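See structure below.
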Amino acid sequence: MVAAGNFTVSLVQSWDDFECIRDDWVRVWSSDSRAEVFTHFDWLSVIRDSYGEGLTPCCPVVAKAGIPVAILPTGIRAGTLNFLSSPRGDFNDLIVADRELYSGSHSDIGEICRLALSALDSTSVAWHNGCLENVVSDSWLLKTMKQVADTPYCNIPCRPFVVWHGVGPAVRLSEDDPEALRRQLCRKKTTKRRRNQLEKLGDLEFVAKLNQDELPQARTRFIQLHCERRKAAGDESFLEDARGRSFLEAILQGKTQHLAKLSTLRLDGQDIAFCLGLEADGRYSYYAPTFDVAWSKYAAGDVLLSFLLEDAINRGMEIFDFGLGDEAYKSRYASEIREVFNIHLFGAGVTPRLRRAALSFRETAKKNPRLYGAMKRVLNRG
């Protein structure tokens, strides 16, 4: 255990210890005004059960007066340090009980972050490469760093280097006039026309959350459509392998069923579009949408999205989060864009410092197309 100022830090380094701090984890997460569903204890438990082979938790727990107030949900697999939610978490961050801490000062957060990283920088933790993925610009981790990129961070443990990774569009639903918001988001002319076309073809039904009796059959159909849709798009669904299918079943019918909902759009009783969504703390996450490619001319996925937005407004949700990615359809709805970064971490010694210098050079070269092209040509010759 390491102490600094009013805080101490310890490491959770086994799954048994992980289970032992469940109550503290839930309390800290519930007291975090920025908490993401992907750092929820139950979500990470499902990750462990489905993707935990070879993964060991390595979570710094920062306490004040012996009571945990912050947790960094990280783990090690094959010598690489990542967030525990990898590869299935859209967004990640340090979890901080800021609603409890703000009887103190904001500077506490910086000290907490430094202390958590110092625990990972200890020689007792065996990792040679680290990348904290999908960290948003307004996260606790990045807010403790003076700049987002091109900063040496010499005085921060693990010598972090921040790289831009993408964007996370979202729409804020907490407006004074819900009806105006419905007209703006859910009744766009093209989507409304597609909805009317589908209604003329048969009985169109939106189911906001399938019940447990319906889930086994619907899950099979969802897997089929998701795999077909991703193949048509030129990539591979996470549901292609047994781990992914086990993960889906655990999300919907296991420890996270209180966070997850499978929604569907049906035409004459046939499911033509689905969305696996996650909900926590007033935020709906549009996690895994898909649709029957045979109904793409009717934009079945967009029609389902319009129903989901309307349902979220009706239920008083604050944020509809489109997740990671800059797909064109997201920008049609988004009212805010969060930038997303990867934080690369480096251990002590000459080799990690050389790796950090190489990464810095590569990122600098990317900003100069001619330099980056020349560098790639040299590397390709080798």
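For the range 245-279, a tally of residues being of a type in the set (A, V, I, L, M) and more than 30 Å from K200 (Cα to Cα) returns 7. Kindly provide the set of residues from the range 27-72 that are of a type in the set (D, E, K, R), farther than 14 Å from L259 by Cα and assigned to a loop (DSSP other than H, G, I, E, B), ordered by number. Passing the criteria: D32, R34, E53.
Pick from E249, E310: which is assigned to a helix (DSSP H, G or I), modelled with pLDDT under 95 and either over 16 Å from the mean Cα position of the chain (by Cα) or surrounded by 23 or more Cβ atoms within 10 Å (Cβ to Cβ) (or both)?
E310
Within the range 200-228, the set of residues being assigned to a helix (DSSP H, G or I), in contact with a strand residue (DSSP E or B) (Cβ under 9 Å, 6 or more places away or on another chain) and among the charged types (D, E, K, R) comprises R219, R221, E228.
For the range 233-245, check the following and say yes or no: at least one residue is touching a residue at least 60 places away in the same chain (Cβ under 8 Å), in contact with a helix residue (DSSP H, G or I) (Cβ under 8 Å, 6 or more places away or on another chain), of a type in the set (A, V, I, L, M, F, W, C) and surrounded by 15 or more Cβ atoms within 10 Å (Cβ to Cβ). Yes, the range 233-245 contains a residue that is touching a residue at least 60 places away in the same chain (Cβ under 8 Å), in contact with a helix residue (DSSP H, G or I) (Cβ under 8 Å, 6 or more places away or on another chain), of a type in the set (A, V, I, L, M, F, W, C) and surrounded by 15 or more Cβ atoms within 10 Å (Cβ to Cβ). Consider only pairs whose beta carbons are under 6 Å apart and that are at least six residues apart or on different chains; among these, list those whose first residue lies in the range 12-27 and is farther than 16 Å from P60 by Cβ and whose second residue is not charged (D, E, K, R). Close Cβ pairs satisfying both conditions: R22/F41; V26/F41.
All told, S33 falls short of being more than 16 Å from D98 (Cα to Cα), assigned by TED's automatic domain parsing to the domain that holds S122 and hydroxyl-bearing (S, T, Y). Could you say whether any residue in the range 323-334 is touching an Asp or Glu at 6+ places or on another chain (Cβ under 7 Å) and either in contact (Cβ under 8 Å) with a residue 60 or more places away in the chain or not in a helix (DSSP H, G or I) (or both)? Yes, there is a match, as at least one residue in the range 323-334 is touching an Asp or Glu at 6+ places or on another chain (Cβ under 7 Å) and either in contact (Cβ under 8 Å) with a residue 60 or more places away in the chain or not in a helix (DSSP H, G or I) (or both).
Applying the selection to the range 1-26, what residues are surrounded by 15 or more Cβ atoms within 10 Å (Cβ to Cβ) and in a helix (DSSP H, G or I)? Across the range 1-26, the qualifying residues are W15, F18, D24, W25.
The set of residues from the range 175-191 being at pLDDT 80 or above, more than 15 Å from G301 (Cβ to Cβ) and surrounded by 13 or more Cβ atoms within 10 Å (Cβ to Cβ) comprises L181, R182.
Looking across the range 170-191, the residues that are assigned to a loop (DSSP other than H, G, I, E, B) and hydrophobic (A, V, I, L, M, F, W, C) come down to L173, C186.
The values are calculated or read from the model by the stated rules, or taken from the named source; none is laboratory data. Bear in mind that the values here come from a model prediction, so they are computed numbers and not experimental data. Note that each Cβ is placed from the backbone with ideal geometry, even for glycine, and that neighbours are counted across all protein chains shown.
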